[in-house]
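The values are calculated or read from the model by the stated rules, or taken from the named source; none is laboratory data. Everything numeric in this text was worked out from a predicted model, so none of it was measured. Here the Cβ positions follow ideal geometry from the backbone for every residue, glycine too, while neighbour counts run over all protein chains shown. For accessibility, only protein heavy atoms count, side chains too; no ligands or nucleic acids. Shrake-Rupley method; radii C 1.70, N 1.55, O 1.52, S 1.80 Å.
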Amino acid sequence: MFHLQGPQMLKMLERSLRKSLPESLKVYATVFHMNQGNPFKLKAVVDKWPDFTTVVIRPQEQEMTDDFDHYTNTYQIYYKSPTNCQEFLGTSDVINWKQHLQIQSSQSGLNEVIQNVAAAKLVKVKQDHGILYMMPETASKLIPSLLEAKNLPLKSSRSKAINQEMFKLSSLDVTHAALVDKFWHFGGSERSQRFIERCIRTFPTFCLLGPEGTPVSWSLMDQTGEIRMGGTVPKYRVQGLSTHIMDVHIRTVDKLGYPGYYHTVIANKIIQKLSHRLHHIIMPCDWNQWRCGPL
């Protein structure tokens, strides 16, 4: 097990992962943000260097003090060999299987590896699965061959105009975390709200303030650079606000040079229609998350 430290090693890792896109997307984008100052204090671990077959991104040990906080205890994994990956996860201490944790990856094949290791470690697993989208601006920079092969658009479509007298563009404050958490599919606890507060403090956020002066629609990203938490309060839905705020977020992310991507669950047809309207690209790989905990 090798802990990659220093900007030179992390830049080498980023360049190597870029060659494996889109399958490496979750890990690539996380390493990208580590190379922009590492605001979430993450670390990169590989099975060997420089010819790695497995990469695990995880928090520093001192960040993982709550054994039940799977929002903090989150790992991103990319592998080239499932056999080597299973051996690495099963025999090293790179993952603390005694904690409640999450594992994220753009590779659905990781499911068999995790299930095998979890069975040996006496760990229960729940998998969440979704459709992975990338903005065409990001895809044209990182995976141009994907757009060329399918003759896909090179730019996102613009969102429809909104009533700018009624809705004002702004950013979220940590005091808005409870509202975001209320509508987040993976939220609903003190730990998830603390995680959202940390994301608001760390990354660019966007919201529309309604006539009452409070957020009615919002969009924010997590430590992997994914546009992860978005929503609109029921009173103001079906007015194009979610499309507008996502469009603003996407274009800002692109100007900053960040990889722009997100996911939605298969059952969420509304977000899928929104994504189609904005000409966002469905990736040939998936969004996956495994929530794990001791039996």
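Evaluate the following for Leu132: is it closer than 23 Å to Phe2 by Cα, at pLDDT 95 or above and open to solvent by less than 10 Å² (accessible area, probe 1.4 Å)?
no
Might you check whether a residue that is over 15 Å from the mean Cα position of the chain (by Cα) and without any contact (Cβ under 8 Å) to a residue 40 or more places away in the chain occurs anywhere in the range 23-32?
No.
Tell me yes or no: at least one residue of the range 65-87 is open to solvent by less than 60 Å² (accessible area, probe 1.4 Å), more than 30 Å from Asn268 (Cα to Cα), not assigned by the TED database to the domain that holds Lys269 and not in a helix (DSSP H, G or I).
The answer is yes, given that some residue of the range 65-87 is open to solvent by less than 60 Å² (accessible area, probe 1.4 Å), more than 30 Å from Asn268 (Cα to Cα), not assigned by the TED database to the domain that holds Lys269 and not in a helix (DSSP H, G or I).
Do you know which of the residues in the range 165-184 that are out of contact with any strand residue (DSSP E or B) (no Cβ under 7 Å at 6 or more places or on another chain) and more than 12 Å from Gly210 (Cβ to Cβ) is surrounded by the most Cβ atoms within 10 Å (Cβ to Cβ)?
Ala177
Results for (1) hydrophobic (A, V, I, L, M, F, W, C); (2) crowded, with 20+ Cβ neighbours inside 10 Å; (3) assigned to a loop (DSSP other than H, G, I, E, B); (4) not assigned by the TED database to the domain that holds Tyr78, shown as yes or no for each residue.
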site: Met9; (1), (2), (3), (4): yes, no, no, no
site: Arg15; (1), (2), (3), (4): no, no, no, no
site: Glu23; (1), (2), (3), (4): no, yes, yes, no
site: Val27; (1), (2), (3), (4): yes, yes, no, no
site: His33; (1), (2), (3), (4): no, yes, no, no
site: Gly37; (1), (2), (3), (4): no, no, yes, no
site: Phe52; (1), (2), (3), (4): yes, yes, yes, no
site: Val55; (1), (2), (3), (4): yes, yes, no, no
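Pull up the range 248-261, narrow it to residues that are over 15 Å from His33 (Cα atoms) and modelled with pLDDT of 90 or more, then point me to the one that is surrounded by the fewest Cβ atoms within 10 Å (Cβ to Cβ).
Going through the qualifying residues, I end up with Thr252.
(1) under 18 Å from the mean Cα position of the chain (by Cα); (2) open to solvent by 40 Å² or more (accessible area, probe 1.4 Å); (3) within 19 Å of Val180 (Cα to Cα): which one isn't true of Thr264, the others all being true?
(2)
So, of the residues in the range 149-190 that are over 24 Å from Gln272 (Cβ atoms) and part of a helix (DSSP H, G or I), which turns out to be nearest to the chain's Cα centre (by Cα)?
So, considering only residues that are over 24 Å from Gln272 (Cβ atoms) and part of a helix (DSSP H, G or I), the one nearest to the chain's Cα centre (by Cα) is Ala177.
Could you count how many residues in the range 216-247 are open to solvent by less than 20 Å² (accessible area, probe 1.4 Å) and over 16 Å from Asn163 (Cβ atoms)?
Result for the range 216-247: 12.
List the number of the failed condition for Ala119; all other conditions in (1) hydrophobic (A, V, I, L, M, F, W, C); (2) open to solvent by 60 Å² or more (accessible area, probe 1.4 Å); (3) over 22 Å from Gln289 (Cα atoms); (4) assigned to a helix (DSSP H, G or I) hold.
(3)
Just one of Ser105, Ser92 is surrounded by 14 or more Cβ atoms within 10 Å (Cβ to Cβ) and either under 23 Å from Leu4 (Cα atoms) or over 21 Å from the mean Cα position of the chain (by Cα) (or both); which is it?
When all the criteria are applied, what remains is Ser105.
Could you say whether any residue in the range 166-188 is β-branched (Val, Ile, Thr) and without any contact (Cβ under 8 Å) to a residue 24 or more places away in the chain?
yes
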